[in-house]
Amino acid sequence: MLFAWAPLVPTLIGLGFAFRGIRSTKATGLAAVAGGVGESLALWGLVSMIACQIAAIVWLVRSISREHLMRSVVSALSVCASAVILLLIGVFLWLAWFRPRF
């Protein structure tokens, strides 16, 4: 149920930012809406990528077992790859938004 409704949240947040920007600039037309929609889609993509990586880690950790050694090795390698992707996303977010600007 959560995965069905989760993509809607960042989309609504992005559209809220878009309409707030339109209201503050009192602009109309496609150019006024396109920036906000693009921001909404970028936010949705980032959130869905993080959610998919976390879900993959959870499912892969649950599939590790002593009976299936090769599947466990592939699952462990996949968990490590997903962890590296999450680390890279975290570094990107820190560099893009949270790092103090000089």
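Tabulated values for the structure
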| item | result |
| --- | --- |
| Surrounding net charge for LEU15, when Lys and Arg each add one and Asp and Glu each subtract one, Cβ distance under 14 Å | +1 |
| Most to least packed among 58-68, 75-85 [average Cβ atoms within 10 Å] | 75-85, 58-68 |
| Difference of contour (0.36 nm per residue) and Cα-Cα distance, CYS52 to LEU88 | 11.5 nm |
| Contour minus Cα-Cα distance for SER24 and VAL73 (0.36 nm per residue) | 12.2 nm |
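Quick note: the coordinates plus some simple rules give every number you see, no bench work behind them. All figures in this text were calculated on a predicted structure; none of them were measured in a lab. As a convention, Cβ positions derive from the backbone with ideal geometry for all residues, glycine included, and neighbour counts pool all protein chains shown.
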